[in-house]
1. So V313 clears everything in (1) open to solvent by less than 50 Å² (accessible area, probe 1.4 Å); (2) at pLDDT 95 or above; (3) not hydroxyl-bearing (S, T, Y) except one condition, right? Which one?
2. Suppose we filter L220, L235 for residues that are over 16 Å from L353 (Cα atoms), surrounded by fewer than 20 Cβ atoms within 10 Å (Cβ to Cβ) and in contact (Cβ under 8 Å) with a residue 12 or more places away in the chain; which single one remains?
3. How many residues, within the range 270-311, are of a type in the set (K, R) and either closer than 12 Å to L364 by Cβ or in contact with a His (Cβ under 7 Å, 6 or more places away or on another chain) (or both)?
4. Suppose the filter is modelled with pLDDT under 95 and in a loop (DSSP other than H, G, I, E, B); does P264 pass it?
5. Taking the options S182, S174, S227, name whichever one is of a type in the set (G, A, S) and farther than 22 Å from G111 by Cβ.
6. Pairs under 8 Å by beta carbon, first residue assigned to a strand (DSSP E or B) in the range 70-88, partner acidic (D, E), six or more apart or different chains?
7. Provide a single number: the residues in the range 74-96 that are farther than 28 Å from G149 by Cβ and of a type in the set (S, T, Y).
Amino acid sequence: MDVTLDARRPPAAATDTPTIPTTGIPAASSSATRVSAPATAGGPTAPARPAASEPAARAHLRPTVTELRLSAFAAHRAAVFPLGPVTLFAGPSGSGKSQALAAYEALAGLGCGRPLDDVFPDPAARVPERAVPDADGRRGFRIGCTVDGPAGPVRLDLAVQAEPELRVVGERLSQNGEILLSTALRDPRRRSVQAGWLTGGAVGVTRAPLPDDRLGTALLPLRVAGSTAGQRRVLAAAEQVVVALRSVFPCDPRPERMRGPVTPGEGRLRRDCANLADVLRRTRHECGTRHALLAGAARTGCAGPVAALDVRVCDGADDAGGGDGAFGVFAGAGAGLVTGLLDRGPGRPATELGRLGAGELRFLALALVLLTGPGVLAVDPAAELLSARQALTVLADGLDRGLDRRQSAELLRLALLSGGRGHIRLVGSVGEDTAGTARGLPGVSVVDLSP
């Protein structure tokens with residue numbers, strides 16, 4: 001089969017980075033990729049990081065995905081994409097922008113412990129079109145990433161069989177050329193893969209079966225005791241990868257779902273941003289500074305004057321008032337519908353969100369995502385780590401869809417503002433107009449997928 005990882009070697013020291021053999025995919029050139037480096041950076045990769053010999057400085061690094069590898073995934077072959085604080089994929093339709101973001105989102109889902117069939121509902125669509133099945137009719141795909149953080153750069157590579165049935169056939173976790181975890185499908189009749197991870201001491205390597213529908217790296221913290229130096233290395237690497245992959249929020253605002261009043265809830269923004277009004281209620285009440293920043297962004301991205309962002313809570317068909325009074329009614333009744341408003345200033349009627357254009361609604365939702373954090377977004381980061389030790393990555397396919405140049409430029413400004421603080425990273429796909437603007441901005445990396 002063309003996607004198997006060579007797992008015949010047990011985890012051991014290696015003189016070079018492990019490679020993944022390909023036998024069933026026809027030879028093809030790497031995806032045509034050009035990366036425009038940030039104007040203040042020395043290259044397309046992430047900003048310079050402390051050397052591994054500086055543990056005190058590295059201890060404060062937040063785990064982040066710094067490289068995405070699509071060895072064989074949909075239209076991509078042998079593609080390597082460096083990821084910085086703000087990374088935008090650009091290129092014509094069909095160049096693979098959405099597929100790159102889909103691979104990142106799939107890795108994030110697997111890092112959260114989700115099963116393969118949940119992450120890849122249509123796995124055959126991810127198999128390279130010219131991939132030739134082996135003698136048993138098996139085809140699949142390969143993806144991977146590099147995660148940097150306190151433990152240093154860690155590589156994760158994954159091979160997935162899509163046909164005739166979906167399953168993991170190989171996984172490798174490595175660091176500095178040394179394999180920390182290696183799995184392989186030994187017996188197709190069993191619903192498991194044979195895993196081996198570095199132990200050290202007299203044992204050297206621990207071997208055990210792992211499920212063939214889950215990411216083995218995400219299961220290691222439950223299987224490794226950490227009683228030897230080797231085990232602690234494996235745990236540190238695995239936990240760093242899991243923390244980075246769990247801290248991902250795919251965002252695709254759907255204006256048609258954001259127009260009407262919504263039922264109040266916990267105030268955590270969902271992927272489609274349909275509950276935007278409820279989240280505005282929460283941020284106005286709890287996050288005054290960030291809510292004010294969002295109102296400032298609305299002045300740039302929304303037509304007409306904007307004095308503030310407000311909400312109105314209605315009990316049935318009766319208006320329960322607005323402003324601070326709305327929050328009082330909400331707290332007391334707990335059953336009213338919430339409507340978002342643009343306060344147009346003294347003497348002007350407020351504008352309900354339902355009356356805004358689709359581009360304005362998408363802009364407001366994306367601006368809110370970039371200005372807040374995990375506590376306001378429907379994402380489940382690692383609870384055992386302080387939020388200050390984690391960086392949230394926002395995935396936005398079609399970031400500038402339906403937006404004008406002014407709105408797109410403002411979102412880039414907000415992304416750089418948040419990215420500069422290290423709390424939020426942005427990976428998105430954009431059209432050529434936005435890509436042209438982004439190429440001249442310090443701190444933004446543009447991955448050009450043009451042929």
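The values are calculated or read from the model by the stated rules, or taken from the named source; none is laboratory data. Model, not experiment: these values are computed from the prediction. Counting neighbours? That spans all protein chains shown, and the Cβs are built from the backbone with ideal geometry, glycine included. We work out accessible area using only protein heavy atoms, side chains counted, and drop any ligands, DNA or RNA first. Shrake-Rupley method; radii C 1.70, N 1.55, O 1.52, S 1.80 Å.
1. Answer for V313: the failing condition is (2).
2. The unique qualifying residue is L235.
3. 2
4. yes
5. After ruling out the rest, the residue left standing is S227.
6. S71/D157; A72/D2; V80/E67; F81/E67; P82/E67
7. Residues in the range 74-96 being farther than 28 Å from G149 by Cβ and of a type in the set (S, T, Y): 2 in total.
A quick yes/no check of all residues on (1) surrounded by fewer than 22 Cβ atoms within 10 Å (Cβ to Cβ); (2) closer than 28 Å to G431 by Cβ; (3) of a type in the set (D, E):
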position: P92; (1), (2), (3): yes, yes, no
position: K97; (1), (2), (3): no, yes, no
position: L107; (1), (2), (3): no, yes, no
position: P123; (1), (2), (3): yes, no, no
position: P128; (1), (2), (3): no, yes, no
position: D134; (1), (2), (3): yes, no, yes
